[in-house]
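Structure, as structure tokens:
The values are calculated or read from the model by the stated rules, or taken from the named source; none is laboratory data. Here the structure is a predicted model, which is why all the values come from computation and not from measurement. What goes into the accessible areas is simple: the full protein's heavy atoms, side chains included, and nothing from ligands, DNA or RNA. Shrake-Rupley method; radii C 1.70, N 1.55, O 1.52, S 1.80 Å.
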Amino acid sequence: LEVNARGLRLLSQGLKELGFTVVQSQANFVMVPLASEDQVNRITLELLKKGVIVRPLKAFGLPHCLRVSTGTNEETQTFLDEISKIAMKEEICHS
């Protein structure tokens with residue numbers, strides 16, 4: 001529980017610092033609303049190319065949202081580093 005809580009804090013804080021909106025969570029993941037389904041798909045693919053796996057939430061009726069699970073501090077930092085690069089490169093519009 002402590003590891004999960006710490007992971008949620010790190011993810012939420014890091015994403016907010018990058019300008020993303022984060023839906024508060026009590027689970028082992030955060031939900032990140034984006035401007036469009038296309039944006040979710042681009043980010044998912046770019047992260048996958050870097051070995052970072054996130055999940056689009058289209059199957060749950062939220063095509064403009066991304067699910068990011070908690071992990072180790074190192075995994076979380078890798079995700080934040082990579083999404084930061086993508087956001088700067090593609091001028092990602094946040095929801």
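The table below lists the values:
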item	result
Between region 21-95 and region 2-20, the alpha-carbon center distance in angstrom	12
Cα long-axis angle, helix 2-17 against the chain (0 to 90 degrees, to the nearest 10)	40
Aspartates and glutamates with Cα under 14 Å of Lys58, excluding same-chain neighbours fewer than 8 positions away	Glu37, Asp38
Rounded accessible area per residue of the chain, 1.4 Å, Å²	61
Extension reserve of the Ala35-Glu2 stretch, reckoned as 0.36 nm per residue once the Cα distance is removed	8.7 nm
Cα-based reach from Lys89 at 19 Å (exclusive), listing lysines while leaving out same-chain residues under 8 positions away	Lys16, Lys49, Lys50
Gain upon complete extension [Lys85, Ala59; 0.36 nm per residue less C-alpha separation]	6.7 nm
GNM top mover of Leu45, Leu34, Leu66 - the chain, alpha-carbon springs below 10 Å	Leu45
Volume of the Cα convex hull of region 42-91, divided per residue and given in Å³	72
With every protein chain in place, the chain: carbon and sulfur % of accessible area (1.4 Å)	53
Listed residues Ala35, Ala59, Ala27, most fluctuating in the chain (Gaussian network, C-alpha, under 10 Å)	Ala59
Cα Rg, Dmax (largest Cα-Cα span) when computed across the chain, Å	12.1, 35
